[in-house]
Amino acid sequence: MTENASTKKIMRGAVMVVGGGIGAMQACLDLADSGFKVHMVQKDSSIGGTMVMLDKTFPTGDCSMCMISPKMVDVGKHRNIDMHTLAEVVSVSGEPGDFTVKVRLKPRYVDPEKCTGCGTCEEKCPKKVDSEFEQGLSVRKAIFSLFPQALPNTRAIDRQNCIYFQKGRCKVCEKVCKADAINWEDTGEEFELNVGAIILSPGLNRYDPEVRQELGFGRWPNVVTSIQFERILSASGPYQGTVMRPGDKKHPEKIAWIQCVGSRDSNNANPWCSSVCCMYATKQAVVAKEHDSSIDPTIFYMDIRAFGKDFDKYVNRAKDVHKIRYQRAMISAVREEPGTSNLILRYADEFGELKDEIFDMVVLSIGFEPHADAEEFAKIFGIALNDHRFPATPPFNPVETTRPGVYVTGIYQGPKDIPETVMQGSAVAGTTMALLSEARGTEVVVKELPPQREIADEEIRIGVFVCHCGINIASVVDVAAVKEYAGTLPHVVYSGQNLFTCAQDSMNKIKDIIQEHGINRLVVAACSPKTHEPAFMDTMESCGINKYLFEMANIRNQCSWTHSKEPDKATEKSKELVRMAVARVAKLTPLQEKKIPVIQRALVVGGGIAGINAALGLADQGFEVILLEKEESLGGLATRINTTIEGADVKSYVNDQIEKVTSHPNIQVLTQALIVGFSGFKGNFTTEVLVGPGMYERKIDHGVVILATGATEYRPDEFLYGRDDRVMTQIELSEHLQEKGAESLNQVVMIQCVGSRNDENPNCSRVCCQAAIKNALKIKQMNPKTKIIILYRDMRTYGLLEDYYAEARNKGILFFTYELENPPEVNSSEGDLTITFKDRVLGRSLKAKADVLALSAGMVAEDTEELSSILKLARTAEGFFMEAHVKLRPVDMATEGIFVCGTAHSPKLISESISQSLAATARATTFLSQSHLTLSAVTARVDPEKCASCLICVRSCPYEVPKINAEGVSEIDEALCHGCGVCAAECPAKAIDLNWYEDDQIMCKVDALLEGAL
Amino acid sequence: MRLQYPANVKIIRLPCTGKIDLIHILRAFEKGADGVYVVGCLEGGCHYIGGNLRARKRVEQARKILDLTGIGGERVQMYNLSASDGPLFVQYAIEMNEKILELGPNPIKLKKDAAA
Amino acid sequence: MIVADKKPVEEIIDYVTDCKNILVLGCNECVTVCEAGGKKEVEVLASTLRMCFLNQGTEVSIDEITLERQCDHEYLEEIRDVADRYDAIISLACGVGVQFMAEKYHSVPIYPGVNTCFLGATEKRGLWTERCQACGNCMLAITGGICPVSRCAKRILNGPCGGSSNGKCEINKDLDCAWQLIIDRLKALDRLEDYEKICSIKDWSTDRAGGPRKVVREDVQS
């Protein structure tokens, strides 16, 4: 007994996430939402990473900050995420399940307990410093936050630039800080945390183009980096979104983007491809033109690597609609034209002719590279790096490192774009959950609330608190006058003012006043409900008052900040906003958030590599899984693949995984299974399945669905495929090599983009370039004498795959480009298989005989037409499932509780499919790990007495939620309603109301605003 | 950014412009508003898929009614912008304000004043 | 369903131009479904009128009520106590409702707020099309479920006429020839022999020609 107890390993229910970018945020949220305590350790003073610096994201043109800031708020307010900023890890000891991590906090010189983030210190600080966030294009202060939406919004003092620290006098910040938060004695802090696992997501560095003097960065003012250009485009950036060149603030017309700066250059810079630059350059060119139609962009590139989902569609639109010019050329030098500050680019065009072209501005598409201290960082955590100083990760689990219990994610693991980073953020969460599942829920904080006060019989008693926000509001608005005015409004029984209403002591005071005055409705006139509403609502709940009996008047953003030059008007408007808020709060009624139970069982559709891994990921955490496969056996497309490009054995991996799935006690595998019916909502689905060979019917109740229906190799009808045995696909070639070797092959020709990037299928199939190189290298290894020619349009060996492309060129494999309009010709007359293609540099046709012609056939989605209609799932024109949001929700489907992974989402490599399947597990666990889901109370509600069953709500709901029920009236399922209110606005019988936005709750504001206007 | 815009612009918050009802707009004019504008997300960028497109239709309906009643359809306007685009928000606020100043007060108000 | 369309507001204003107390009365049946006279339209019309009057500098009180149906006594009774207070009632019900109101409340002028158009179906939101003219003697059984009375411009019972070309009607090229539709439908049902049968002269006495009609059902009367 004692022996057992002492050897029993400790499992901790807490996880450390090192880093604060979008990938780290996703990992934190997934873990914290699944019952784990999370410690986020971020070296900067705010979380946000790279994404907060971007202007817009493609293809939607959504503003990057608008997308990420709600996620930042989610992280900030999550009771199970502790953020440690200006923090770094000093040492790690222990083992998986039980690590001890020593963390050092750098001195901030501002006490986060006292600071309310009002920003007055920053405004008054006399010292200006180049802003890191704005890439040196504008200035910040010595006491600062990285950007306006920074989280936490506690300012930090930059000691090196602080006048007091450097010269011993100033202390302006201390003088203006009404919260008394400046702490000159701050020396930082060291503490230890015990966690079960560690996730590393520190991101990468951007390449410093100043190293390459010939491109003129740092020398010619109108040469900027791509990240600087993002800030130039940004409406909140240094030029407020006006495209200007930094040198003379003139509007540039001709702008050149130079691709691969610092990337794909093993001689002078980094050998890998940075994966994101082709797309961001395209996006920047499109957005710049949208800002200013006179801009004429040119992108100088080697290969356009638009390998992601629907990326080629975006590039095609950039070319055809936005008239962006793409010029395949390497730029050898950038010189400044004397007098004009324009820039002369010298390049050899596709015909080899040397040209000089003048541009007004040049953007360098700089790539990623590991941080300078990558080795030391890896040493602290005890993980190994690869030759390029990225963490060494196995191909079949790209988030694992050489040290068990220490995981990596995001671009730190290898260059990737936003959706892949988010996906891998979830993936690493999934892997971590599997390790720590037994400790789930052991370290989380659970909110305990007093019972809600019944106020139905009470008279309306409104409390109004007007905030000074330090001097943010009070320096412009006459707060006392607003407070006085509030006291005269109907139903107001108390009005008060606070220096900082959101400070902890004020919150406590509010609680006391609520009790003392019997207040049952609250108005806070302060800042934005976007950031502060949740905190005040929490305060109300802790007093036993329904949190929906609350309204904010944003007299800071809408009055003092925006009418600071007209203080009288700002005060007058503040009064009006308070009057409107008081009118509304009087009309509000308590709303209850419904709780629905979750069926803790998952349905995984598709038994390929993605489905298998998703099933295992959930089953290993103790959840029951039903795995459906339409074929007789599991494995999917991966069963036809021998090895990965790295040489890992796919066949035996797949067999091992199948063995694990079939023998797992928590997994039930149903083969020859066909879904025929589907109903329910998140947490409570029912699926009807016909199961072969007898086709007996089964009804499965489950809480989530993971779609992993996969894709298959395109079957070409071009280039004599199917008519000549020597013409085969890449998969067939690898099977051929496995069986027959390469001895008989004198010459092999490969044609890329067969069935991809054409009119029928505009997309890139992503995997074919590396598949061709994998097979070509295999042939060279088997028979070095075989000559290999690869005919391609753009070689898309993104990320670290670029190594293999370089190796292929070094081994003498020949690469020729062709264009869509001018494809190679294949003839098989007189027994010879001849391929004719045009070489652009030579300017004439070349002929090559081949023993094998390998076609890099693209990937096509499995037929999911019926499935998608039964489950009501959106698909792209090419039949891939459409995720809820292309950037930030790459694994979720629009219907909550349904997730997608693997090639059902888009073509991808095995390691990427595995990554996404782990991500789907994590996303699914955020549901399955809870016994109940809490639904939003802001949903639409039908009054059956008034309903005319006209079907207009049914027709206008973007989510197909309203249904005409058995009583013949419309019914809106609150579990499915998204709360947009379109139905309420369209209902011709006025039978629908949106909770919290009922008609009279809106109209009373109109009435209050216009009181006395007539 | 704290950009300045005219203080006579007051904001009423909705979950989505798709929630705005024709009657909300009309009621504002009935009660004496000089102008109303609806600010939604960029077309194609609605969080709820197409709420802003519905809103545009309702603004057009309101415009017709305002023309008909002699109050003036130009007093109501739909704008689209992305949430981060402060400068554009300000530009629209100024634009709307200038237009309303040019049109003068809601004629209902003038009639009331004349009667008083 | 009875399909109605909104009446131009100018017309309505003309009716009530001298009134001081107006009731806008909606109907929660067909006219709600075709978005012409439900509670929402009542609000919009009332607001529009208010603005018109305010803009003329006249003080007018406008109330809004929407009844479940205006073609039933019991529902109309709901306004018994208030009807007299108004010097005009604008009914947004179909012509039936307007008349029924007028029959019931003699002291107040009742004005129509919609134009009643036809008996039709909602093809999609915002598009309604005619399907029935209530001839009182349904012959859809022999015409494959497509009505020549309501859908043939000439109401031909043994069509098509010589004006049918490429499946369209000579009256309007956007209009399908009803008889072409009937033939196609019968062909699909393999019932072309029905088409061969000459349709005998229709008894039009049940149609409008005989003046206002009645349906009497003693079996359900009390």
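Of the residues that make up the stretch C:36-44, is at least one within 14 Å of chain A (Cβ to nearest Cβ), free of Cβ contacts under 8 Å to residues at least 12 places away in the same chain and under 26 Å from B:Ile25 (Cα atoms)? For the stretch C:36-44, residues within 14 Å of chain A (Cβ to nearest Cβ), free of Cβ contacts under 8 Å to residues at least 12 places away in the same chain and under 26 Å from B:Ile25 (Cα atoms): present.
Does C:Met51 satisfy being surrounded by 17 or more Cβ atoms within 10 Å (Cβ to Cβ) and within 13 Å of chain A (Cβ to nearest Cβ)? When the stated conditions are applied, C:Met51 passes them. When restricted to residues that are within 26 Å of B:Arg56 (Cβ to Cβ), part of a loop (DSSP other than H, G, I, E, B) and modelled with pLDDT of 95 or more, the stretch A:963-978 contains 1. If you check A:Ala583, A:Ala610 for being of a type in the set (Gly, Ala, Ser), within 14 Å of chain B (Cβ to nearest Cβ) and touching a Cys at 6+ places or on another chain (Cβ under 6 Å), only one passes: A:Ala583.
Out of A:Phe685, A:Phe681, one residue alone is at pLDDT 95 or above and of a type in the set (Phe, Trp, Tyr). It is A:Phe685. Confirm whether A:Asp74 is more than 14 Å from every other protein chain (Cβ to nearest Cβ) and under 27 Å from B:Gly40 (Cα atoms). Yes; evaluated as a whole, the condition is true for this residue.
Within the stretch A:557-575, residues that are free of Cβ contacts under 8 Å to residues at least 12 places away in the same chain sit with their Cβ atoms under 7 Å from residues that are part of a loop (DSSP other than H, G, I, E, B), at 6+ positions apart or across chains, in these pairs: A:Thr562/B:Arg2; A:Thr562/B:Leu3; A:Thr562/B:Gln4; A:Thr562/B:Tyr5; A:Lys565/B:Gln4; A:Glu566/B:Ala7; A:Lys569/A:His563; A:Lys569/B:Ala7. Sub-8 Å Cβ pairs linking a first residue in the stretch A:967-992 that is surrounded by 20 or more Cβ atoms within 10 Å (Cβ to Cβ) to a second residue that is part of a helix (DSSP H, G or I) and acidic (Asp, Glu), at least 6 apart or interchain, are A:Ala984/A:Asp999; A:Pro988/C:Glu41; A:Lys990/A:Asp999; A:Lys990/C:Glu43, ordered by first then second residue. Note on the stretch B:79-98: residues that are away from chain A (no Cβ under 14 Å) and surrounded by fewer than 21 Cβ atoms within 10 Å (Cβ to Cβ) total 3.
The rows are residues; the columns are (1) part of a helix (DSSP H, G or I); (2) away from every other protein chain (no Cβ under 11 Å).
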position: A:Ser913; (1), (2): yes, yes
position: A:Gln916; (1), (2): yes, yes
position: A:Thr921; (1), (2): yes, yes
position: A:Phe927; (1), (2): yes, yes
position: A:Gln930; (1), (2): no, yes
position: A:Arg941; (1), (2): no, yes
position: A:Ser949; (1), (2): no, no
position: A:Val961; (1), (2): no, yes
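On the stretch given as the stretch B:8-54, residues that are hydroxyl-bearing (Ser, Thr, Tyr) and buried (at least 24 other Cβ atoms within 10 Å of the Cβ) total 1.
If I filter the stretch B:60-76 for residues that are over 22 Å from B:Glu102 (Cβ atoms) and more than 7 Å from chain A (Cβ to nearest Cβ), do I get at least one hit? Yes: the stretch B:60-76 contains one or more residues that are over 22 Å from B:Glu102 (Cβ atoms) and more than 7 Å from chain A (Cβ to nearest Cβ). Taken over the stretch A:979-1011, the residue count meeting the criterion of being aliphatic (A, V, I, L, M), touching a strand residue (DSSP E or B) at 6+ places or on another chain (Cβ under 7 Å) and either more than 7 Å from every other protein chain (Cβ to nearest Cβ) or in a helix (DSSP H, G or I) (or both) is 3.
Please find, among B:Gly35, B:Gly40, the residue that is more than 25 Å from A:His978 (Cβ to Cβ) and more than 9 Å from chain A (Cβ to nearest Cβ). Spell out how you get there, then give the answer.
Details: B:Gly40 fails: more than 25 Å from A:His978 (Cβ to Cβ).
So the residue among B:Gly35, B:Gly40 that is more than 25 Å from A:His978 (Cβ to Cβ) and more than 9 Å from chain A (Cβ to nearest Cβ) is B:Gly35.
Can you name every residue in the stretch A:927-945 that is surrounded by fewer than 20 Cβ atoms within 10 Å (Cβ to Cβ) and either within 32 Å of the chain's Cα centre (by Cα) or more than 30 Å from A:Val446 (Cβ to Cβ) (or both)? Those that are surrounded by fewer than 20 Cβ atoms within 10 Å (Cβ to Cβ) and either within 32 Å of the chain's Cα centre (by Cα) or more than 30 Å from A:Val446 (Cβ to Cβ) (or both): A:Gln930, A:Ser931, A:His932, A:Thr934, A:Ser936, A:Ala937, A:Val938, A:Asp943, A:Pro944, A:Glu945. A:Arg169 meets all of the listed conditions (1) within 28 Å of A:Lys114 (Cα to Cα); (2) touching a residue at least 12 places away in the same chain (Cβ under 8 Å); (3) not assigned by TED's automatic domain parsing to the domain that holds A:Gly21 but one, namely (2). Residues that are outside the structural domain of A:Ala583 (by TED's automatic domain parsing), buried (at least 19 other Cβ atoms within 10 Å of the Cβ) and more than 34 Å from the chain's Cα centre (by Cα) occur in the stretch A:950-963; there is at least one.
Considering every residue within the stretch A:584-602, establish whether at least one is of a type outside the set (D, E, K, R), crowded, with 22+ Cβ neighbours inside 10 Å and within 29 Å of the chain's Cα centre (by Cα). Yes; the residues of the stretch A:584-602 include at least one that is of a type outside the set (D, E, K, R), crowded, with 22+ Cβ neighbours inside 10 Å and within 29 Å of the chain's Cα centre (by Cα). Note on the stretch A:101-131: residues that are within 28 Å of the chain's Cα centre (by Cα) and modelled with pLDDT of 95 or more amount to 4.
Could you please find all residues in the stretch A:187-243 being of a type in the set (A, V, I, L, M, F, W, C), under 30 Å from the mean Cα position of the chain (by Cα) and more than 14 Å from chain B (Cβ to nearest Cβ)? Reasoning before the result, please.
Filtering the stretch A:187-243 down to residues of a type in the set (A, V, I, L, M, F, W, C) leaves A:191, A:193, A:195, A:197-200, A:204, A:211, A:215, A:217, A:220, A:223-224, A:227, A:229, A:232-233, A:235, A:243.
Going one step further and asking which of them are under 30 Å from the mean Cα position of the chain (by Cα), we end up with A:193, A:195, A:197-200, A:204, A:223-224, A:227, A:229, A:232-233, A:235, A:243.
Once the filter is applied, which keeps residues that are of a type in the set (A, V, I, L, M, F, W, C), under 30 Å from the mean Cα position of the chain (by Cα) and more than 14 Å from chain B (Cβ to nearest Cβ), the stretch A:187-243 yields A:Leu193, A:Val195, A:Ala197, A:Ile198, A:Ile199, A:Leu200, A:Leu204, A:Val223, A:Val224, A:Ile227, A:Phe229.
Which members of the stretch C:94-143 meet the condition of being among the β-branched types (Val, Ile, Thr) and in contact with a strand residue (DSSP E or B) (Cβ under 7 Å, 6 or more places away or on another chain)?
So in the stretch C:94-143, the residues among the β-branched types (Val, Ile, Thr) come out as C:96, C:98, C:108, C:110, C:114, C:116, C:122, C:129, C:142-143.
Matches in the stretch C:94-143: C:Val98, C:Val108, C:Ile110, C:Val114, C:Thr116, C:Thr122, C:Thr129.
The values are calculated or read from the model by the stated rules, or taken from the named source; none is laboratory data. Since we're looking at a predicted model, the values are computed, not measured. Cβ atoms come from the backbone with ideal geometry, glycine included; neighbour counts cover every protein chain shown.
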